[in-house]
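Written out below as structure tokens is the structure these notes cover.
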Amino acid sequence: MARNKLDKTNRAHAAEPVARAAAPASKLETKAEIERRGVSASPGIVIGPAFVRDDDRVHVPRKLIDASQVGAEVERFQKALADTARELRAIKSDIAKRMGEDHARIFDAHLLILEDRMLVDETTAAIQNERQNAAAAFERVINNVIASIAGIEDEYLKERTIDVQDVKKRVLRMLIGKDTRTVNRPSEPSVLVAHDLGPSDTAQLDRRMVLAYVTDLGGRMSHTSIIARSQGLPAVVGLENLVNRVETGDTIIVDGNAGSVIINPTPETIQQYENEMQRFAELEEQLLTLTGYPAQTLDGRSFTLSANVDAADEVESVLDHGGQGVGLFRTEYFFISQDYLPSEEDQYKVYRQVVEGMGGRPVVIRTLDIGGDKIAGYLHRSPELNPFMGWRGIRFCLTRKDIFKTQLRAIYRASAHGSVKIMFPMISQIEEIEQAKQICAEVREDLAKERYKIGDHVPLGIMVETPSAVAMADQFAREVEFFSIGTNDLIQYTMAVDRGNSKIAHLYQHLQPSILRLLRLTVEAARKRKIPVSVCGEMAGDRLSVPILVGLGIDEFSVSPNVIPEVKRIIRSVTYDECRALLRRVSRFRTTQEIETEIEALLKSHAANNGRAGA
Amino acid sequence: MVEFTKQVGNKIGLHLRAAGEFVKIAAQFSSDIRVYHGERFANGKSILGLASLAAARGANVRIEIEGPDEAAARKALEALFDAKFYED
């Protein structure tokens, strides 16, 4: 990797002797290490050479063609369209086979673009009348189309320019004579860096040459993320302007666990990550030995370890990591990844897939938590000044009862195929849960009339994630059959801190004394009514927080699948008694710092036990 | 010539895929088909032209059809709008 960098520097010098004389020192310096944070799309850590997909930089030659060549050039253009269509049909059938007809459907639109009269006629006219070469003529015409679509104000309609861009690149490559499959393919195993990856891109990649994916665009449900998870490769998406900061051959670290990438890492950073990878590999190995063991403390108190998932394709990973259920199925990502509101059937299929995949283990399906940071374009909501305090979660569902009922119908129908619980997000007052329960009853009645089978008992629960829900926890505990504490939002709303704002991010800490008090209130209220409490925020997977949650006596931890083994390891290394004592001690502390120091000391005293955690 | 106005009733408007459905039907007829939205218009047999119209959900578009099979074309296209482009 270091050799690669040196080679490139040498080549640059040979080509630019003047520049070399002018700035010898800076050219020889190693490039600065840059860290960028994005969205963790698929776990794992990889260090390798970057391969930057250079698709936007197709060089289109421009020339005036001879009058006698016009006919041949038009034919060349038509042949390029026909060849591209053949290529697209092949990709389409491949995708349909591997990922299903739904994913393949967008290629119908791509094929229609190739036949578009306006595109074909205007390009042909430019070749014939202005004697432009086919590539230049085609590029100009299609760029005009892209510009006019990009000018549309409607966010959703605008987004689809990526499809037209996709077709443009294919036709241009066909005309310029480069083979798409070699231009875009790394020749050694590399980290693929791209602005965005479309279905046709990933379909053509040689999987042996890809170590990890990183993209500028995308979220957890984007195409890249789903592909990466299904291939078990690390991925970080939503990195904004990464493509322009990396060059092919640069060393890059992809940390799919933390959702970050490091470009041109220093030897120290590489060492640090190699240690981290070693630890990750050991954990993965431990997981194999641990999967069969219960999440039980040394003195015999058991906890349920479940997983948070966004998509049906994650079920396999949940089971591989020893998850005993799905503690949080976030349904909104499915809604966001669609071009239109998913129908009852669409939803039923996905929920059923998860429920059946878990083979009778409990699956907690959270109803749509749209709003906040996740707004689906097709809902045409106007932007809110303060979206996290706005029309989201249950508030949205209770006004859009049509959407809510459709989702509940799909969930109840899926409940016939396994063990399902329903959870409502963003509850802040009793009326909301009363109304939600009422709507659930109506839906059950409708389904019974229509002779649908549903599960015998589908418990209803709430996310405890607003301070007001904590304050009223004793009352909510009378209304529902379980609590799940969403610590991310609870901390945000309690501390009044936007964790994305770097100036105040220090306030966002799991082990704030105020947060511990709220957790305690919630657990006590639940215990009085004998309903179970789960913690499904990131706190449940936080190394230092686990002993505290054990001491609180929660029933269930729900974390990302890959974090399950780590949580299990910690639980198996402590006793319930000492965690309760720990909790009593730290309850007197006034600062996060003191609390963390105390927990660190306990974990350190157990460090020697880690080796026998699996034994 | 026949002309009629329809509201784009599918969830996200006349995007690429919906435009594709329109074109697939329009291409079955020999009549000329023009689609007007605001100050823009497009050839009803051009997927890119239709996608550039910026007809979001709820937009009213006017369709002009001229040719030997204009009545049949009108019927088929109206049915497409009524079926919300087969999306719901």
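Taken over the stretch B:19-53, residues that are under 10 Å from the mean Cα position of the chain (by Cα) and among the acidic types (D, E) amount to 1.
Can you find a residue in the stretch A:575-589 that is open to solvent by less than 30 Å² (accessible area, probe 1.4 Å), in contact with a Phe, Trp or Tyr (Cβ under 6 Å, 6 or more places away or on another chain) and in a helix (DSSP H, G or I)? No, the stretch A:575-589 contains no residue that is open to solvent by less than 30 Å² (accessible area, probe 1.4 Å), in contact with a Phe, Trp or Tyr (Cβ under 6 Å, 6 or more places away or on another chain) and in a helix (DSSP H, G or I).
Note on the stretch B:1-83: enclosed helices (runs of 4 or more DSSP H) holding 1 or more residues that are within 14 Å of another protein chain (Cβ to nearest Cβ) and open to solvent by 70 Å² or more (accessible area, probe 1.4 Å) are B:16-26.
Of the set (1) over 24 Å from A:A307 (Cβ atoms); (2) open to solvent by 10 Å² or more (accessible area, probe 1.4 Å); (3) in contact (Cβ under 8 Å) with a residue 24 or more places away in the chain, all apply to A:I433 but (2).
Among the residues of the stretch A:547-570 satisfying the criterion of being within 17 Å of A:R361 (Cα to Cα) and polar (S, T, N, Q), which is most open to solvent (accessible area, probe 1.4 Å)? Result: A:S560.
Regarding A:S419, is this residue in contact with a strand residue (DSSP E or B) (Cβ under 8 Å, 6 or more places away or on another chain), farther than 25 Å from A:D542 by Cα and open to solvent by 10 Å² or more (accessible area, probe 1.4 Å)? When the stated conditions are applied, A:S419 passes them. For beta carbons closer than 6 Å, sequence separation of 6+ or different chains, a first residue in the stretch A:68-84 that is in contact (Cβ under 8 Å) with a residue 12 or more places away in the chain and within 16 Å of A:M174 (Cβ to Cβ) and a second that is surrounded by 16 or more Cβ atoms within 10 Å (Cβ to Cβ) and β-branched (V, I, T), the qualifying pairs are A:E73/A:I65; A:E73/A:I127; A:V74/A:T124; A:V74/A:I127; A:A80/A:V171; A:T84/A:V171. One residue stands out among those in the stretch A:159-211 that are on the phi < 0 side of the Ramachandran plot and small (G, A, S): the one that is modelled with the highest pLDDT, which is A:S190.
Quick one: which helices (runs of 4 or more DSSP H) sit completely within the stretch A:62-178 and have at least 1 residues that are under 17 Å from B:G20 (Cβ atoms), under 27 Å from the mean Cα position of the chain (by Cα) and within 14 Å of chain B (Cβ to nearest Cβ)?
The qualifying helices (runs of 4 or more DSSP H) are A:70-99, A:101-104, A:106-114, A:155-159, A:161-176.
The values are calculated or read from the model by the stated rules, or taken from the named source; none is laboratory data. Here the structure is a predicted model, which is why all the values come from computation and not from measurement. Cβ sites come from the backbone with ideal geometry, for glycine too, and all protein chains shown count toward neighbours. For the accessible areas, the whole protein counts, side chains as well, though only heavy atoms, and no ligand, DNA or RNA atoms are used. Shrake-Rupley method; radii C 1.70, N 1.55, O 1.52, S 1.80 Å.
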